Amino acid sequence: MFTRSLLLGSTALVFTATSALADLKAQDVWMDWKDYIQGFGYTVQGSEATSGDTLTISGLKLSVPIPEQSGSVDLGMGEMSFSNLSDGTVEISLPDTFPITFDVVSGGETEVAGTLNYDTTDLSIIVSGSPDDMNYITTASTLDMSLADLMVEGKPLDIGTVAFNMTGLAGASNMKLGNIRNIMQSFSVDKLSYTLDINSPEEADGLEAFKMIGALNALSFNGTGAYPNAGGFDAQDVSAMLKAGFAFDGGFAYADGSTTFEITESGGQTVGVSSSETGLLKVAMSEAGLHYGAEATGLKSNMTGTQVPFPIELTAEKSALSLTMPISASENAQDFGLTVQLANFTTSEMLWALFDPTGQLPRDPATLHLELSGKATLLFDMMDPESITGVETGAQNPGEVNSIDINALELTAAGASLTGTGAFEIDNSDTQTFSGMPKPVGAVDLKLVGGNGLIDKLVAMGLLPEDQAMGARMMMGLFTIPSGTPDTLTSKIEVNDQGHVLANGQRLR
């Protein structure tokens, strides 16, 4: 619950910092900010003073409770101002150095406290539009965030440097108000760089220091959000939020990036560098489900260390992960999907030589591609703690899988390749045919190229005993048939509605 409250609160602050939240009058802009943040469970405090066309908020403080812990997270945000401009727009101003203090209080005592410095150059935030349809334009030459100090249980902790820097920031957003607050947002930065140079606490076992320095070029974000604006729900209850219309869909992309790291331990040091040509990250959530996707191209990685006798080099043309899943209970079947891809993966000859010093295995790039989809009936609410507890204790049936489609299967490595596709319907009413498991009905088509040749090479290398190799060949003979191409085998594995298992038409069960 604490993690979810921080996530929702952070989301609110991010959208607040760069989104459109303004009427044509400064007071109305400020009031809408308060309403928006309070909608996420925060208490907003601050002194208001008006001078001419400018409303100044000083001593601004946000607090959000920590459920079930008798505590809170408190954020001190200093001073900001809202000014009515002559063209009917509103300008929001922050000091060039804008310290944000944070305190995590539990049981009446401060457990963690610190200060984040928020420094900007040429920051401009201009709001235009009407009370129910507002636009923000945000620009800045630089925007820096750094951890100035940190205290844990009343003791100062010198952790080193934690800093982020953005240059060439430009953002635009639109917000339409009603029972649902709809937000469309985009921003870009020429470059995002970061430095994490952390000294290990004295009580850390073996770890002395950790350092990571990196940068992303041409970073951008595009996204939408829908936030209930009429109340009637607990902002700490994500399940209630989703039922009330809460949703978001956003994605980050960058042109290229690189990272170097150093890990210093009592036993020595590990140093590495990695880079990629492009990358993206997508996240979407609504009552209809959750989707996560990440992808990077042109991956390169190199690592050396005191306990590593030689550099470890890895490259990949593409790496991708995608997950789609239902999160809300429904009597109707919902979509799910999973994709994992690692294309043209290679490593250094020195690493190959560890287990293949004579070079018998082909050094061709390896590829893994698995793509699954299907339907499932989810019978519990994944965002409801009580429902989760019911599943953990066995009081609640989590649901059932209704169908699975194998849209793609490819595993290529060391001169051999396995590919396949298939589909199965799942009969959840029949748990007798397969001893307590729901009965699948369907088929999968497989093709193996170079399998016998790979077995021969593994035997010659001494990695696979001859008797085990013979057993593997017997299994392939049972489940596969030769095709017209040398060292190529195919197989069709079926499960029919009578529960019979067949391989290439021959009944095995």
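Among the listed pairs Lys34/Lys282; Lys25/Lys243; Lys318/Lys447, those whose Cα-Cα separation exceeds 31 Å are Lys25/Lys243. In the stretch 150-281, Rg over Rh equals 1.12, where Rg is the alpha-carbon radius of gyration and Rh the Kirkwood radius from pairwise Cα distances. The 3J(HN,Hα) values that the Karplus relation (6.51, -1.76, 1.60; θ = phi - 60°) gives for the stretch 380-397 are, in residue order, 9, 8, 5, 9, 10, x, 5, 5, 5, 4, x, 5, 5, 8, x, 7, 10, 6 Hz. Gly and Pro appear as x. Relative intensity of the stretch 443-509 on a log10 scale, I(q)/I(0) at q = 0.18, 0.29 Å⁻¹, equals -0.72, -1.19, per a Debye sum over C-alpha point scatterers of equal strength in the absence of solvent. Ordering Tyr42, Tyr194 from the fewest to the most neighbouring beta carbons within 10 Å gives Tyr194, Tyr42. What is the percent of Cα-Cα separations in the chain that go past 41 Å? Counting pairs separated by more than 41 Å, the tail of P(r) holds 39 percent. Legend: ranking of residues Arg507, Arg363, Arg181 from fewest to most surrounding C-beta atoms inside 10 Å; resulting order Arg507, Arg363, Arg181.
Residues whose amide H falls under 5 Å from that of Gln396, counting only those 5 or more places apart or on a different chain, are Val391, with hydrogens built in the peptide plane. Split the chain at each of the GluC sites (Glu not before Pro) in a DSSP loop with at most 15 other beta carbon atoms within 10 Å, and the longest piece is 332-509. For the stretch 244-287, the alpha carbon positions stretch 53, 27, 8 Å along the principal axes, listed from largest to smallest. The 3J(HN,Hα) values that the Karplus relation (6.51, -1.76, 1.60; θ = phi - 60°) gives for the stretch 243-251 are, in residue order, 5, 7, x, 4, 7, 8, 8, x, x Hz. Gly and Pro appear as x.
Dividing the radius of gyration of the alpha carbons in the stretch 83-242 by their Kirkwood radius gives 1.04 for Rg/Rh. When Rg and the Kirkwood Rh are both derived from Cα coordinates, the Rg/Rh ratio for the stretch 414-479 amounts to 1.17. From the residues Ala209, Asn504, Tyr194, which one has its Cα farthest along the dipole of the chain in the positive direction, the dipole being from +1 and -1 charges on Cβ of Lys/Arg and Asp/Glu about the Cα centre? Positive-end residue among those listed: Asn504.
Of interest is the spacing of the C-alpha centroids, which for the stretch 385-440 and the stretch 441-509 amounts to 22 Å.
Working note: Cα atoms of the stretch 33-177, range along each principal axis, descending, whole Å: 51, 32, 29.
Taking the Cα centre of the chain as reference, the dipole from Cβ charges on Lys and Arg (+1) and Asp and Glu (-1) amounts to some 1420 debye.
Here the stretch 369-485 is treated as an ellipsoid with the same Cα gyration tensor; its semi-axes, largest first and in whole Å, are 39, 17, 16. Summing charges over neighbours of Pro357, with a neighbour being any other residue whose Cβ is under 15 Å away from its Cβ, gives 0 when K and R count +1 and D and E count -1.
The charge dipole of the stretch 221-373, taken about its Cα centre with unit charges on the Cβ of Lys, Arg, Asp and Glu (plus for the first two, minus for the last two), comes to roughly 80 debye. A straight Cα-to-Cα reach below 13 Å connects Lys492 with the aspartates and glutamates Asp445, residues fewer than 8 places away in its own chain not being considered. Put in order of Cβ neighbour count within 10 Å, fewest first, the listed residues Leu62, Leu192, Leu418 become Leu418, Leu192, Leu62.
Here, each number is a calculation from the coordinates, and none is a lab measurement. In this text the structure is predicted, and so the values were computed from the model without any measurement. A quick note on method: Cβ atoms are made from the backbone with ideal geometry, for glycine too, and the neighbour counts reach across all protein chains shown.
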